[in-house]
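A.B. asks: Handing you a structure now.
Computed from the coordinates by the stated procedures, all read-outs in this text should not be read as laboratory data. The shown structure was predicted, so the numbers you read here are calculated from the model rather than taken from an experiment. In this analysis, Cβ positions are derived from the backbone assuming ideal geometry, glycine residues included, and neighbour counts consider all displayed protein chains.
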Amino acid sequence: MTLQSKHHVRAGFLIDGRGGPIKKNQLIVIESGRISAIMDDAAAAAISAEQVTDLSHCVVLPGLIDSHVHLCMSGSIDQTLREKQLESSFEEVIPVIAEHLRHHFSHGVLALRDGGDRGAYVLRYLEELHDRSLPPVQVFTPGRAYHRSGRYGSLIGECPENGESLLDAYRRFVQPTKLVKIVNSGLNSLTTFGLRSEPQFTAQQLGELVAEAQRDGARVMVHANGEAPVRGAIDAGCDSIEHGFFMGRENLELMAEKGVFWVPTVYTMKACAQHADSYRATINRKVVEQNLAHQLEQLALARELGVKVTLGSDSGSIGVLHGESLIEEMKLFLQAGFTMSETMCCATHHGARLLGLENLGAIEAGKPAHFLVTRGTPAQLPRKLTYLETIYLDGEPSQAYRRDPDYLTLRKFEGVAFSGKVKY
């Protein structure tokens, strides 16, 4: 890509990602692929029309960040297919991961955090095969998550051996990643409302691993539902709570005080309710709808308390499709009382802070000129994110986004060939 030395983009509406008011008629000044200034469009009078790209009919906003996905899994509701995916080989999941990345990028996701898989296949994919320009999505993964033997977590990780401590298991695996995931509770119950599970690890065990991981420069995400599992993770010093169903006000207050991020994955419950008839033995629609309502109440309380909330779709779960489900998560944030600007802040700036990304998360002077463009007005968001006008990378419309989608799917990696669409 040849970058213009200096050019300008006129935005009809600008959402900068910081959570403040949406601005009208803004001029973004781009020099050598970076934003050098943002000013009112009135300043454009002295600039020749050839130097201005007119997007006055559009909304400009930062690239999105999905803070919780499962790239090895599709959102299929086919139980046989879901079971087969869990047993897939690395070679079989290569096209699945590539296809899911394409779906995320096509919905404006420029970075995501994977929640782990039992074979650490996403980590291997990143090390051996990932072409960061095709599509240009930054990916973070813990590899395998850690869970206690006999408890939930085998589908995404490993457990300490008999007599082995959690800390020793962490040292034994030595996963080449700066992200660690711990499973400290069971799944959120889909058949009994408010059912809690006991913590998988003590606060001391969690604290030992968190301290060691942070000395290694790694961030720690903890799957936790219920008061006790979440409290243990907070006391241990984790960076984020994943899911957090039924964790209660006291934990939310502690998270606000300590700066712990929350990734609530609300849409998983709505998707479960929509597909309950296909899983009558394991999903009670009424219970799931109660779970959803309670999580929305917690989300509204988190906004009131000032908890740093980020958006995570948990795509790969039942009925939760990669890419488009992040937009569904946004709709639920709005339902919980967040403004559009606040919701976008959770989907951009907060996500960038959680992932440690300096070059994403906001449209502001000094950052690379990465941003999304949607036709229309902010009132049409987040729906318009399902069919973006374009994606700008380094100040230029992305060629990857404009190409025939098959270009992003048909690949050959070191002798491993695949083509066509991945079955969901």
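A.B. asks: How would you order 205-211, 320-326 from highest to lowest mean count of nearby Cβ atoms within 10 Å?
C.D. replies: 320-326, 205-211
A.B. asks: For the pair GLN79 and ALA293, what calculated FRET efficiency results from E = 1/(1 + (r/R0)^6), where r is the Cβ-Cβ distance and R0 = 35 Å, to the nearest 0.05?
C.D. replies: Plugging the Cβ-Cβ distance into 1/(1 + (r/R0)^6) gives 0.85.
A.B. asks: For the range 83-187, max minus min Cα coordinate along each principal axis, in Å, sorted largest first?
C.D. replies: Per principal axis, max minus min of the Cα coordinates gives 45, 29, 24 Å.
A.B. asks: Roughly how many nanometres apart are two label points built 7 Å out from the Cα toward the Cβ at ARG118 and PHE193?
C.D. replies: Between ARG118 and PHE193, the label points sit 3.4 nm apart.
A.B. asks: Calculate for the chain the 222 nm mean residue ellipticity that helices alone would give, adding -39,500 (n - 2.57) per DSSP H run of length 4 or more and normalising by residue count, nearest 500 deg cm²/dmol.
C.D. replies: So the helix-based figure for the chain works out to -9500 deg cm²/dmol.
A.B. asks: Further question: Rounding to the nearest 10 and keeping the result within 0 to 90°, find how far the Cα-based axis of helix 285-305 lies from the longest principal axis of the chain.
C.D. replies: Around 60 degrees separate the two axes.
A.B. asks: Given R₀ = 35 Å, FRET efficiency for ARG285-ASP235 by Cβ-Cβ distance, to 0.05?
C.D. replies: Working from the Cβ atoms, E equals 0.50.
A.B. asks: Between GLN51 and LYS178, what's the calculated FRET efficiency when r is the beta-carbon distance and R0 is 35 Å? Round to 0.05.
C.D. replies: The computed FRET efficiency comes out at 0.30.
A.B. asks: Picking from VAL260, VAL174, VAL309, which is most flexible by a Gaussian network model of the chain using Cα springs under 10 Å?
C.D. replies: Greatest mean-square fluctuation among the candidates belongs to VAL174.
A.B. asks: Below 14 angstrom from the Cβ of ILE318, what's the summed charge of the other residues (Lys, Arg +1; Asp, Glu -1)?
C.D. replies: -1
A.B. asks: Compute the length gained on full extension between ALA203 and ARG383: take 0.36 nm times their separation in residues and subtract their Cα-Cα distance, giving the result in nm to one decimal.
C.D. replies: Net length gain for the segment: 60.6 nm.
A.B. asks: Treat each spin label as a single point 7 Å out from the Cα along the C-beta direction, and report the LEU305 to ARG18 distance in nm.
C.D. replies: If labels sit at LEU305 and ARG18, their model points lie 2.7 nm apart.
A.B. asks: Over the range 64-355, what lengths in whole Å, largest first, do the semi-axes of the equivalent ellipsoid take, defined as the square roots of 5 times the eigenvalues of the alpha-carbon gyration tensor?
C.D. replies: So the equivalent ellipsoid measures 24, 23, 20 Å along its semi-axes.
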